[in-house]
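The values are calculated or read from the model by the stated rules, or taken from the named source; none is laboratory data. This is a predicted model, so every value here is computed, not measured. Using ideal geometry, Cβ is built from the backbone for each residue, glycine included, and neighbour counts are taken over all protein chains shown. Note: areas computed on protein heavy atoms with side chains; ligands, DNA, RNA excluded. Shrake-Rupley method; radii C 1.70, N 1.55, O 1.52, S 1.80 Å.
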Amino acid sequence: MYNNTFGNIFRLTSFGESHGKAIGGVIDGFPAGITIDMEFIQKELNRRRPGQSAITTARKEADEVEFLSGIYEGVSTGCPIGFAVWNTNQHSNDYDNMKDVYRPSHADYTYTQKYGIRDHRGGGRSSARETIARVVGGALAKLALRQLGISITAFTSQVGPFKLDKDYTAYDLTSIENNPVRCPDQDLARQMADYIFRIKGEGDTIGGVISCVIKGCPVGLGQPVFGKLHAALGNAMLSINAVKGFEYGQGFSNMELKGSQQNDIFYNNNGEIGFRSNRSGGIQGGISNGQDIYFRVAFKPVATVLMEQPTVDIHGNETILKARGRHDPCVLPRAVPIVEAMAAMTLLDYYLLDKASTL
């Protein structure tokens, strides 16, 4: 299996399976001299970990990271940063009845056809537990971006039929941790949470949308052809489990408008070049323009549902599967820090690439 490495200069290589001994990774290209805030990194992992509320999986994991190299006296050394997060609460027997059958819309079938073997316990390498390594890498990237004045905030903007109806600028994004759904509208968040809890009681799952805003990004990140910044962000987001779509800026909305109505008009802002609007989402021609970068990521409902579904076994015989185990009824609350992590690693990587674009 290859393609377990993300990035160009800043590179994360992850390893581990859902029910293996550990999830971990090695980070290359992280700048030396960055103060490593261990409390912040653990806080980011806590935002992703299971068992944090009644609307997430009941699996109990501390998800405490152990760094093995690349950090000395609280500062990055420029050497590879190795780390591990040990698995401690696997219930592998919960998956015994799924050993020889394929879960509808899951990776079971394609994984088996590709490799000829699969670890049925929790999905093995295709499990979203692999994203632990991304959150660690993203937390480190955030610490470096913080020194550059770049901040990244993701939030749940839609769960099933419940969705925010205003632009992100109308909400207090610092309030997303005040509810388990991580939505900036507290009243809507309660409706979302109630809906997820009801779906969970039915043994079913639900999807939705996570929005993300990047502030403080300098002008010039990205390349005009195959290294477009929005393409890199799209690639990063589409690599996350259960993601089905990505759009940035105006995206698919207002497609009935003409170019003269959609263009972001320049103006002289007290001697500096300004924009009258930001329909481009902070990226033009594949290159950041200094405005807020904002995008949306669509997540499908979790494929593993705790109700009977028709399927086939590994021999092609039709059968009925009722999955067991501890599964999220909705991935969105725990996916918010994953979206931020992938955005942070992409931005830091492209910042370092930009430094190599001219002498």
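Points to keep in mind about this one:
- When segment 8-58 is filtered for residues that are basic (Lys, Arg), buried (at least 17 other Cβ atoms within 10 Å of the Cβ) and part of a loop (DSSP other than H, G, I, E, B), only Arg49 remains.
- The one condition in (1) open to solvent by 20 Å² or more (accessible area, probe 1.4 Å); (2) in contact with a Cys (Cβ under 9 Å, 6 or more places away or on another chain); (3) at pLDDT below 95 that Ser69 fails to fulfil: (3)
- Some residue of segment 205-222 being without any contact (Cβ under 8 Å) to a residue 60 or more places away in the chain and touching an Asp or Glu at 6+ places or on another chain (Cβ under 8 Å): no
- So Gln291, is it farther than 30 Å from Arg118 by Cα, touching a strand residue (DSSP E or B) at 6+ places or on another chain (Cβ under 8 Å) and open to solvent by 10 Å² or more (accessible area, probe 1.4 Å): yes
- Any hit, segment 180-191, residues being over 30 Å from Asn8 (Cβ atoms), without any contact (Cβ under 8 Å) to a residue 24 or more places away in the chain, open to solvent by less than 50 Å² (accessible area, probe 1.4 Å) and outside any helix (DSSP H, G or I): yes
- Residues of segment 228-271 classified as closer than 27 Å to Lys300 by Cβ and either assigned to a loop (DSSP other than H, G, I, E, B) or of a type in the set (S, T, N, Q) (or both), total: 13
- From Glu66, Glu39, Glu73, residue being among the charged types (D, E, K, R), in contact with a strand residue (DSSP E or B) (Cβ under 6 Å, 6 or more places away or on another chain) and over 30 Å from Gly201 (Cα atoms): Glu66
- Test: Thr319 is more than 15 Å from the chain's Cα centre (by Cα), more than 25 Å from Thr156 (Cβ to Cβ), of a type in the set (Val, Ile, Thr) and surrounded by fewer than 24 Cβ atoms within 10 Å (Cβ to Cβ): yes
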